[in-house]
Amino acid sequence: MRKFKTCSRRSLPFRLLVILAGALLLLAAFAPRASADCPACIRFYDFEGEGVVVGQGSHPPALEQGEVAPFALLFQNDDGTPYSLGNLSAENAPVVGNTNLPAGANPNVVTLGLHRSGQAHLDLVMTFPSVAGIYDIQSISFASRGSGNGFQNVQLQASLDGGATWVNMSVVTPISTAVSIITLNNTMGVVTLGVPNLLVRMQFVNGQSNGADLQNLIDNIQVNGVVVPEPATVAGGLLGVLGLCWFQRRRLIGYVRFRRT
């Protein structure tokens, strides 16, 4: 009479601990984390679709997708009041429409145009609400074409208190008159993780003209960084792993009791 080899009951808990440890290591390995070596597109604004200014929502292939707040791009003055929509327009996209377009995004139809740059600064504000503060913002890039009399510079800033105060994330960057990609890196080391009421803005300054002519073109804004999972999401994953290990434990016990005569 032959029997399958069995393991002792004393060794089963040890093996289960090994299985659980391996599962947790895999979960930790594949979970998103804040790393400067692995930026990703968190938000993508392409000004397509419907909206006050031809679509202000976050669009695919960003990690977050939506057409309503908190994904909206807000046009504001320095004091938080709405920017004059009369200074914004929808322009033919081919000028900068395919510049800084991420893989998986559809070709553009329209591009955001700016006018009367000399009247005020323009703040393009993005909101990142989260109870635990899950956003690690590393950079923002966008397609641009300036002019001799439009906004001359742009800077990346963040508010860690819901808009009460702002700190610089990047240096002041010149806006070229040629079609180009402008990248604003968080070179100031501003920590955005753990900030529940995070706001990030691109501030366009040094406008030269109050005329109605087209002075700047902006398109394909990419917010790059990492979205760190909420603690509740991680806890749910761990509970799922524990449940799987418990289910496998029952199967193992049933297997070692099996005999073949």
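The values are calculated or read from the model by the stated rules, or taken from the named source; none is laboratory data. Fair warning: this is a prediction, and the values are worked out from it, not measured in the lab. Cβ sites come from the backbone with ideal geometry, for glycine too, and all protein chains shown count toward neighbours. What goes into the accessible areas is simple: the full protein's heavy atoms, side chains included, and nothing from ligands, DNA or RNA. Shrake-Rupley method; radii C 1.70, N 1.55, O 1.52, S 1.80 Å.
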Matching residues, the stretch 118-142, being open to solvent by less than 10 Å² (accessible area, probe 1.4 Å) and among the charged types (D, E, K, R):
Asp123
Here is a list of conditions, (1) part of a loop (DSSP other than H, G, I, E, B); (2) open to solvent by 10 Å² or more (accessible area, probe 1.4 Å); (3) more than 18 Å from Val179 (Cβ to Cβ), and Gly86 meets all of them except one; can you say which number that is?
(1)
Scan the stretch 45-59 and report the pairs whose first residue is among the polar types (S, T, N, Q) and whose second residue is assigned to a strand (DSSP E or B) and open to solvent by 10 Å² or more (accessible area, probe 1.4 Å), with Cβ atoms within less than 7 Å and a gap of 6+ or a chain change.
Ser58/Gly66
Please count how many residues of the stretch 62-78 are part of a loop (DSSP other than H, G, I, E, B), open to solvent by less than 50 Å² (accessible area, probe 1.4 Å) and out of contact with any Lys or Arg (no Cβ under 8 Å at 6 or more places or on another chain).
3
Looking only at the stretch 143-184, filter to residues that are farther than 22 Å from Gly57 by Cβ and of a type in the set (Ser, Thr, Tyr); which one of those is least open to solvent (accessible area, probe 1.4 Å)?
Ser170
